[in-house]
Structures are given as C-alpha cells and as structure tokens.
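Structure record follows, encoded as structure tokens.
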Amino acid sequence: MTGRLPLLLLVVALTYGISGCSLKYTIEEPVPSRVTYQNVEKKPLVMKIVDERIDKKFSPGITGLKSVDIIFENVEDPVGWLAKGLEKEFSARGVPMQAVTSDVAGQPALTLTVKRYQVVNHRASGFSAWEAYHLFLGQVTMGEKSCTIPAYFFNSKIPVWSMDEIGKPCLSTPMSVMVKEIAAKINRCVFNYSASDAEVEKMTAAALAEVKGESDTACFPSIELGITNNPAALSALQKIAENENSLVHNCAVSAIGLLGVPGQFDYLADKFRKFTNNDKAMPLKAIGDYGNSKSMEFLDKLRSDKLYEDENSVRYCVDLYLAK
C-alpha cells in the first residue's frame, strides 16, 4: 500500500499539470440554518438582487490551476444560485422573503447589489493542498438603511485518492457558509432580528455535542451561533475556537466576527498571532467584520507584511475588506 501512494500522487500531479484540462463539480444545496428569529414581521418582502460584478468569471484558478477550467455543473448562474439560497435561508429563520434577480411588479422592499462573487482556486503543484478563497462584496439598501456586505471564507484540502475529495470541504461547505453569512449581515443591517436566549442555549448544547463528535458538518453549528445575533452565543464560540481541527476553529472564529459582540478585537488579534499560516485568514476576516477604524488599520498594516505577500488567503481577505 505504501508503495502505491507515491505512484498515485505522481499520476495526479502529472494529470493536473497538463494545460487545458477541466474539473467538474456538482455543488451541494446550501444547508438551511436551524436558527429561528423572534418577533419577526410576517409581511412578505421582496429583495431584488442586482448583478453588477466587474469580473463575472465565477471560479477562476491561479498559479498551478490557471489553465484548468473549473466548472460547477449546477451553478450556471451564480447570482441566481445565491438568490435561491438566500431566499431559503431567510425562510428557515422565519423571515418571509422572496429573492429575485429580475424585475417584479411593484417596488422591492430591499435591494442587494452584487459587486463581487467568486470562488478563486489555487494549487501550487500536484503535491500541495487545493485552496479555495470564497469572496463576496455587495451593498444592501432598504429605505434609509444601507450597508456594505463583505463575506469571506477559506478552506484547503490535500486530495489523496481523487480530485473529488475537494468538492465538499473546499466548495460545497464554504458556499453554504457564505449564504448564511450574507443573510446574517443583511439581517443585522436592515432588520436586526435575533434568536432568543432559550434558543441560543439549545443551539449551544447541540453545537458542543456535534464538535465533540467530530462530525463532518461541525462547521455549521458554529456559524449558526454567529448568526443568532445574540451575544449569549459568544462563550460557546470561544470554547469551540480552541478546537484543534482547523475547519472547526476557523468556523468558530469567523462566527465571532459575524456575532459582532463589542470588545473582541484583542481576542481576535491574539488568535491571528497564534494561528499558523493560512489559518490566520479567518481571525483577520472576523476583525474585518467589525469594520471600525481600529480593525481597518490592523488590516492595512498587513499590506506591508511579508505574510501578505506569501499567503494568498491573507491577501484576498485583506484586499476584500479594505475594498469596502
């Protein structure tokens, strides 16, 4: 068995070093959240999603993947796919909202303008990890309320037996997380709904059990605690952030940024210093979510740091949040 593995890796390296090849993936449907907001206005709303992306190449490759055509077979219209995901996500949280990408009768209650939405893929060689950087930048407006909506998620995976292995950790799971994050930030801007303390307590118990059981879906409970918009979720997220599993602690740290409880800058900056290499991206993202001058200064200083040059995950995150 040990003799076969290096040979297999060599075959994979040669296969995906050839220019002009393509990789096809079917993206799983976004997993609806298990969060229910309280005191929700039950009048149905329409959200118009306007596509103003400058770069409409949804899944470009960089470095070793520049010549690889990366195809998401069931995401022909990324903004349309996002609209369906957001509609289902708001419905799961108890908010009756229709998300449309074309004109409808009457005036939409709110508008989401999409300025950037991409999954940038990177692989240095056939022996290195596949890295996927998920980026979103938009503007939501409802009446006099208007907010910039940045969203970012990073994950990586070293495929061993098949390139199919990257589908869930690098593509499907992060795309589902992005839908949750965008919906959470829209909520905080225009509605500010939140889950009850009792629901947060119930979700906390479920999240800690799922993380302890090392479930392959352990990312979602952390993100869902972050989108409760209830500060009571903070202590559980900080506990989960100590987990050794990279994806688990990255999801928890990301969720702390989503939650937005004041006074967490030092905690997140400490995570940034302690996390290694690409894991530093998610504390940065959480710092960026606060959007204040202290956060932006922290990100801006990194542009002169060697880490910014060496780590794509850090550079994409910093540039996205400073582009606001």
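Can you find even one residue in the stretch 285-301 that is among the aromatic types (Phe, Trp, Tyr) and free of Cβ contacts under 8 Å to residues at least 12 places away in the same chain? Within the stretch 285-301, none of the residues are among the aromatic types (Phe, Trp, Tyr) and free of Cβ contacts under 8 Å to residues at least 12 places away in the same chain. Pairs are defined by a Cβ separation below 6 Å, a sequence spacing of at least 6 or placement on different chains, a first member in the stretch 47-65 that is closer than 26 Å to residue 140 by Cα, and a second member that is among the hydroxyl-bearing types (Ser, Thr, Tyr) and assigned to a loop (DSSP other than H, G, I, E, B); the pairs so defined are 49/101.
Among the residues of the stretch 292-311, just one is buried (at least 20 other Cβ atoms within 10 Å of the Cβ) and polar (S, T, N, Q), namely 295.
Scanning the stretch 211-233 for residues being in a helix (DSSP H, G or I) and crowded, with 19+ Cβ neighbours inside 10 Å gives a total of 11. Determine, yes or no, whether residue 247 is part of a helix (DSSP H, G or I) and touching a residue at least 40 places away in the same chain (Cβ under 8 Å). Yes. For the stretch 265-283, filtering for residues that are part of a helix (DSSP H, G or I) and either exposed (fewer than 13 other Cβ atoms within 10 Å of the Cβ) or among the polar types (S, T, N, Q) (or both) leaves 6. Does any residue of the stretch 218-229 turn out to be out of contact with any Pro (no Cβ under 6 Å at 6 or more places or on another chain) and modelled with pLDDT under 85? Yes, that holds for at least one residue.
Based on what the data block shows, is residue 295 touching an Asp or Glu at 6+ places or on another chain (Cβ under 7 Å) and either of a type outside the set (A, V, I, L, M) or outside any helix (DSSP H, G or I) (or both)? When the stated conditions are applied, residue 295 does not pass them.
Note on the stretch 9-43: residues that are in a loop (DSSP other than H, G, I, E, B), at pLDDT 90 or above and under 20 Å from residue 80 (Cα atoms) total 6. If you go through the stretch 43-64 and pick out every residue that is surrounded by 19 or more Cβ atoms within 10 Å (Cβ to Cβ) and of a type in the set (A, V, I, L, M, F, W, C), you end up with 3. Scanning the stretch 186-209 for residues that are assigned to a helix (DSSP H, G or I) and among the hydrophobic types (A, V, I, L, M, F, W, C) gives 186, 189, 190, 191, 198, 200, 203, 205, 206, 207, 208, 209. The condition (being in a strand (DSSP E or B) and either within 28 Å of residue 94 (Cα to Cα) or without any contact (Cβ under 8 Å) to a residue 40 or more places away in the chain (or both)) is satisfied by just one residue among 148, 173: 148.
Per the listing 91, 67, 125, the residue uniquely assigned to a helix (DSSP H, G or I), surrounded by fewer than 20 Cβ atoms within 10 Å (Cβ to Cβ) and out of contact with any Asp or Glu (no Cβ under 6 Å at 6 or more places or on another chain) is 91. The number of residues in the stretch 234-264 that are farther than 21 Å from residue 292 by Cβ, crowded, with 24+ Cβ neighbours inside 10 Å and touching an Asp or Glu at 6+ places or on another chain (Cβ under 8 Å) comes to 1.
Please work out if residue 79 is in a strand (DSSP E or B), touching a strand residue (DSSP E or B) at 6+ places or on another chain (Cβ under 9 Å) and touching a residue at least 12 places away in the same chain (Cβ under 8 Å). Criteria not met by residue 79.
Within the stretch 261-299, the only residue that satisfies the criterion of being under 21 Å from the mean Cα position of the chain (by Cα), among the acidic types (Asp, Glu) and modelled with pLDDT of 95 or more is 289.
The values are calculated or read from the model by the stated rules, or taken from the named source; none is laboratory data. Keep in mind that what you see is a predicted model, and the values were worked out from it rather than measured. Because the Cβ atoms are built from the backbone with ideal geometry, glycine has one as well, and the counts that use them run over all protein chains shown.
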